[in-house]
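The values are calculated or read from the model by the stated rules, or taken from the named source; none is laboratory data. Please read these numbers as outputs of a predicted model, since none were measured by experiment. Because the Cβ atoms are built from the backbone with ideal geometry, glycine has one as well, and the counts that use them run over all protein chains shown. Side chains included, ligands, DNA and RNA excluded: accessible areas come from the protein's heavy atoms. Shrake-Rupley method; radii C 1.70, N 1.55, O 1.52, S 1.80 Å.
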Amino acid sequence: MATIYEVSKLAGVSLATVSRVMNDNARVSDKTKQKVLDAMSTLGYRPNATARSLASNRSDSVGILVSELHGPFFGQMMAGIESELRAAGKHVIITTGHSEEDKEKDGIEFLIGRNCDAIIAHVEAVSDEYLLELNKGKVPVYLMSRHVDGMEDKCISLDNEVGGYLATKALIDQGHKDIAYIAGPQFKADASNRLLGHKRALVEHNIAFNESLFFIGDFKETGGNDGLRHFIKQKIPFSAVVCANDEMASGAMKYAREHGYHLPDDLSIIGFDNVIFTNYLYPTLTTVDNPVNEMGHMAAKLVLTDVYKNKKLHIERVFEPTLIERNSIARLN
């Protein structure tokens, strides 16, 4: 097996220069860098990752902590992060927190123990205080879909209150006033903020919030199913349902069809997130776009700029949701 000494001899450069090329140091000229790369190719030399890590004090790996691995939402998020980092020659280590405080903390400690250069975390159960304390440590932590006062420069988030407002206003604009709402778990900031936006739209149009037409779901298909069943049992008229994410919307649509509703004529439904399957439901689902793939790219760019000192990249920290109009809302006369 070829050694770094043989590479330096063949390239006619010092060991320090070979090391700088291996660690992508900008102080090496393009001509010298190419000589070293050619020598490595000729000798079949593959840098030892551990040795590179010790030499550079970098592992070239970024930890990703997400709530779940199933479902399209987190898939889009991880794809955005990974593709941006891979293009820059970095790798990812992925673990889950399952929206439970102990598991989120355990996941973060796991990634720190794997010598990740940074962590990109989608966490929902740990407190702001815990994150602020964590932010004082050696491994920088960046937050996805969450805003924490005091670490604004490390947060990539969506204005969920505006998104919740857009969803409900889309129904009101089509003449709906008797509107049911299936919320996500309220300990999750995105779910509670979407509910605030829903209530703001009602207040603007002088529509009372009806507790009997409010249900807290689980952000899964079962939540939409259970929520719609609950509303029907109330025997209170309603013409539309806002679902706080697309998975619950798909569950509500399935339950509605199974119980004789013709969509959207009998019942209008709107979701949130604009995940990939929304364009294949019947009817296609009107929803609010949550650009989580783009946000993932942005979180990775933030790490590349802050941690790896790549060229200064444009960073957008707060994303604005947009309404995606399809066919699941009917206009009332």
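Residue count for the stretch 140-160 satisfying the condition of being touching a strand residue (DSSP E or B) at 6+ places or on another chain (Cβ under 9 Å), in a loop (DSSP other than H, G, I, E, B), open to solvent by 10 Å² or more (accessible area, probe 1.4 Å) and over 25 Å from Leu285 (Cβ atoms): 3.
Give Ala189, Ala208, Ala201 a once-over and let me know the one that is of a type in the set (Gly, Ala, Ser), surrounded by 16 or more Cβ atoms within 10 Å (Cβ to Cβ) and more than 21 Å from Ser99 (Cβ to Cβ). Step through it out loud before you land on a result.
Working: Ala189 fails: more than 21 Å from Ser99 (Cβ to Cβ); Ala208 fails: surrounded by 16 or more Cβ atoms within 10 Å (Cβ to Cβ).
Result: Ala201 is the single residue among Ala189, Ala208, Ala201 that is of a type in the set (Gly, Ala, Ser), surrounded by 16 or more Cβ atoms within 10 Å (Cβ to Cβ) and more than 21 Å from Ser99 (Cβ to Cβ).
Only one of the numbered conditions (1) over 20 Å from Ala252 (Cα atoms); (2) open to solvent by less than 60 Å² (accessible area, probe 1.4 Å) is not met by Gly163, and that is (1). Scanning the stretch 216-232 for residues that are open to solvent by 40 Å² or more (accessible area, probe 1.4 Å), under 16 Å from Phe187 (Cβ atoms) and not in a loop (DSSP other than H, G, I, E, B) returns a single hit, Ile216. Just for the stretch 296-326: of the residues that are among the basic types (Lys, Arg) and farther than 19 Å from Phe74 by Cα, which one is most open to solvent (accessible area, probe 1.4 Å)? Of everything passing the filter in the stretch 296-326, Lys312 is most open to solvent (accessible area, probe 1.4 Å). The single condition from (1) within 25 Å of Asn327 (Cα to Cα); (2) touching a residue at least 40 places away in the same chain (Cβ under 8 Å) that Ile172 fails is (2). The residue list Asp273, Asp306, Asp265 contains one member that is in contact (Cβ under 8 Å) with a residue 60 or more places away in the chain, closer than 16 Å to Phe219 by Cα and acidic (Asp, Glu), which is Asp273.
Being among the β-branched types (Val, Ile, Thr), open to solvent by 50 Å² or more (accessible area, probe 1.4 Å) and either under 17 Å from Gly296 (Cα atoms) or in contact with a helix residue (DSSP H, G or I) (Cβ under 7 Å, 6 or more places away or on another chain) (or both) is the requirement here; does Ile120 meet it? Even if it seems obvious, please write down each step before you answer.
Working: among the β-branched types (Val, Ile, Thr): yes; open to solvent by 50 Å² or more (accessible area, probe 1.4 Å): no; either under 17 Å from Gly296 (Cα atoms) or in contact with a helix residue (DSSP H, G or I) (Cβ under 7 Å, 6 or more places away or on another chain) (or both): yes.
It is false that Ile120 is among the β-branched types (Val, Ile, Thr), open to solvent by 50 Å² or more (accessible area, probe 1.4 Å) and either under 17 Å from Gly296 (Cα atoms) or in contact with a helix residue (DSSP H, G or I) (Cβ under 7 Å, 6 or more places away or on another chain) (or both).
Return the residues of the stretch 24-58 that are at pLDDT below 80, open to solvent by less than 50 Å² (accessible area, probe 1.4 Å) and touching a helix residue (DSSP H, G or I) at 6+ places or on another chain (Cβ under 7 Å); say none if nothing qualifies. Break it down stepwise before answering.
Narrowing the stretch 24-58 to residues at pLDDT below 80: 24-27, 46-58.
Pick out the ones that are also open to solvent by less than 50 Å² (accessible area, probe 1.4 Å) and you get 47, 53, 56.
Result: Pro47, single match.
Residues of the stretch 282-295 being in contact with a helix residue (DSSP H, G or I) (Cβ under 6 Å, 6 or more places away or on another chain) and either open to solvent by 20 Å² or more (accessible area, probe 1.4 Å) or β-branched (Val, Ile, Thr) (or both), which ones?
Here is the first cut: in the stretch 282-295, the ones in contact with a helix residue (DSSP H, G or I) (Cβ under 6 Å, 6 or more places away or on another chain) are 285, 287-288, 292-293.
Across the stretch 282-295, the qualifying residues are Thr287, Val288, Val292, Asn293.
Please verify whether the stretch 64-73 includes one or more residues that are on the phi > 0 side of the Ramachandran plot, over 15 Å from the mean Cα position of the chain (by Cα) and touching a residue at least 12 places away in the same chain (Cβ under 8 Å). For the stretch 64-73, residues on the phi > 0 side of the Ramachandran plot, over 15 Å from the mean Cα position of the chain (by Cα) and touching a residue at least 12 places away in the same chain (Cβ under 8 Å): absent. Only residues that are under 23 Å from Met22 (Cβ atoms) and charged (D, E, K, R) were counted across the stretch 55-108, and they come to 6. Residues that are open to solvent by 10 Å² or more (accessible area, probe 1.4 Å) and either in a helix (DSSP H, G or I) or farther than 23 Å from Glu211 by Cβ (or both) within the stretch 233-258 comprise Lys233, Gln234, Glu247, Ser250, Lys254, Tyr255, Arg257, Glu258, listed in sequence order. For Tyr142, the conditions (1) without any contact (Cβ under 8 Å) to a residue 60 or more places away in the chain; (2) more than 17 Å from Phe272 (Cβ to Cβ) are fulfilled apart from (1). Considering the stretch 259-278, and only residues there that are within 20 Å of the chain's Cα centre (by Cα) and over 30 Å from Leu313 (Cα atoms), the residue that is surrounded by the fewest Cβ atoms within 10 Å (Cβ to Cβ) turns out to be Phe277.
For the stretch 107-129, indicate whether the set of residues that are basic (Lys, Arg) and at pLDDT 95 or above is non-empty. No, there is no match, as no residue in the stretch 107-129 is basic (Lys, Arg) and at pLDDT 95 or above.
Only residues that are open to solvent by 30 Å² or more (accessible area, probe 1.4 Å) and either touching a Leu at 6+ places or on another chain (Cβ under 8 Å) or of a type in the set (D, E, K, R) (or both) were counted in the stretch 97-117, giving 8.
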